[in-house]
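Trainee: Encoded as structure tokens, here's the structure I'll be asking about.
The values are calculated or read from the model by the stated rules, or taken from the named source; none is laboratory data. Only a predicted model underlies this, so the values are computations on that prediction, with no experimental measurement involved. Counting neighbours? That spans all protein chains shown, and the Cβs are built from the backbone with ideal geometry, glycine included.
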Ligand SMILES: NC(=O)c1ccc[n+]([C@@H]2O[C@H](COP(=O)([O-])OP(=O)(O)OC[C@H]3O[C@@H](n4cnc5c(N)ncnc54)[C@H](O)[C@@H]3O)[C@@H](O)[C@H]2O)c1
């Protein structure tokens, strides 16, 4: 297959969700030149899965020192995003950074500043923006008029990830389900609604099950003598300058009857309903079933990043949008701690 990206050499750092990045780059026709993980076995297993022979590396500094690498996908724990992204851009690499962009808005801003200073492309990986169904909703968004209210849900009933590992430690993750899965769905709603400026936020956060090691996810525990100091459920509301309000719930653990994920946006002329069966609802109540499923979302995301690397265009989303999202999350966490609405 001829690809316009065949000369771009990428390093994927972190071999967890990094597997999806490798898949996307290969489908886009770029070269996965290096896979880096603290565990070389994990990196090697990922290479074998795709039947490729990249350089296997365990030392991120060596990836930075390799002048043949053009771009880096950062798929490491959240606390490493800012130091690694900044070091990568200073080393001349373009960066695709997994969500959330950083632990907090201050860290995220230092990434955005570095992107401006170095002129490197810095994109936040929000794969929900690249699905078949969400792209169709985005194309139809203008038809529903003024989008003034949205409800989003990222509910896991029994889904605490790897208890005692980095996900459940505040200093490594920045928080629980709000910053983990909630950020996906809030970003989707915000993007579909045209990314208006946030004004204020009101949030609540609970840890009713995590500290007791209840409602663990399918992966079980990473370290039962470890720490759980994040929330296991967060909910709240963000208000925007244009009058939009977005309501959300994000949980890893809740007594309920199953998992649920949706993003419903309501406008003055209709509604965009994203869930297992995405729909467009007209003013007169007519319901149109839309495209279902992700399609080649990872390929599309990587193609977009690679095209920005080639052209220098601003990526979707760029680091500035990543900062704005982190400001919303920071405000929601502060609101939950202080029990009041706070400015974003
Ligand atoms: N977009 C999505 O759908 C999605 C899905 C899962 C995770 N994520 C994000 O991706 C990131 C990673 O999550 P994950 O679930 O893959 O976590 P993970 O713990 O499964 O994998 C992280 C990997 O990074 C490696 N690593 C840690 N420190 C390293 C270092 N200094 N150098 C090289 N490798 C290092 C670890 O060994 C591990 O293999 C997180 O930011 C998470 O929020 C995104």
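Trainee: Somewhere in region 317-340, is a residue at pLDDT 95 or above, out of contact with any strand residue (DSSP E or B) (no Cβ under 9 Å at 6 or more places or on another chain), closer than 30 Å to residue 3 by Cβ and not assigned by TED's automatic domain parsing to the domain that holds residue 17?
Mentor: yes
Trainee: Quick check: anything in region 216-232 within 27 Å of residue 137 (Cα to Cα), surrounded by 22 or more Cβ atoms within 10 Å (Cβ to Cβ) and within 14 Å of the ligand (Cβ to nearest atom)?
Mentor: Within region 216-232, the subset within 27 Å of residue 137 (Cα to Cα) is none.
No.
Trainee: Checking the structure you have, find out if any residue of region 108-126 is within 12 Å of residue 12 (Cα to Cα) and either near the ligand (Cβ under 10 Å from one of its atoms) or surrounded by 19 or more Cβ atoms within 10 Å (Cβ to Cβ) (or both). So that I can check it myself, show each step before the final result.
Mentor: Filtering region 108-126 for residues within 12 Å of residue 12 (Cα to Cα) gives none.
Looking for residues that are within 12 Å of residue 12 (Cα to Cα) and either near the ligand (Cβ under 10 Å from one of its atoms) or surrounded by 19 or more Cβ atoms within 10 Å (Cβ to Cβ) (or both), one finds none in region 108-126, hence no.
Trainee: I've got another one for you. If I ask for residues that are within 10 Å of the ligand (Cβ to nearest atom) and out of contact with any helix residue (DSSP H, G or I) (no Cβ under 8 Å at 6 or more places or on another chain), which ones from region 3-13 would you list?
Mentor: none
Trainee: Additional query: Out of the residues in region 17-39 that are in contact with a helix residue (DSSP H, G or I) (Cβ under 6 Å, 6 or more places away or on another chain) and part of a loop (DSSP other than H, G, I, E, B), state the one that is farthest from the ligand (Cβ to nearest atom).
Mentor: 30
Matching residues to (1) surrounded by 19 or more Cβ atoms within 10 Å (Cβ to Cβ); (2) closer than 18 Å to residue 138 by Cβ:
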site	(1), (2)
242	no, yes
245	no, no
272	yes, yes
293	no, yes
299	no, yes
309	yes, no
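Trainee: Taking interchain pairs and intrachain pairs at least six residues apart, which have beta carbon atoms under 8 angstrom, with the first residue in region 177-190 and more than 14 Å from residue 78 (Cβ to Cβ) and the second near the ligand (Cβ under 9 Å from one of its atoms)?
Mentor: Final answer for the pair search is 185/128; 187/99; 187/126; 187/128; 188/126; 188/128.
Trainee: Further question: In region 164-196, which residue that is within 23 Å of residue 146 (Cα to Cα) and assigned to a loop (DSSP other than H, G, I, E, B) is nearest to the ligand (Cβ to nearest atom)?
Mentor: 195
Trainee: Also, I was wondering about something else. What single numbered condition from (1) buried (at least 20 other Cβ atoms within 10 Å of the Cβ); (2) within 17 Å of the chain's Cα centre (by Cα) fails to hold for residue 60?
Mentor: If we test residue 60 against (1) buried (at least 20 other Cβ atoms within 10 Å of the Cβ); (2) within 17 Å of the chain's Cα centre (by Cα), just (2) comes out false.
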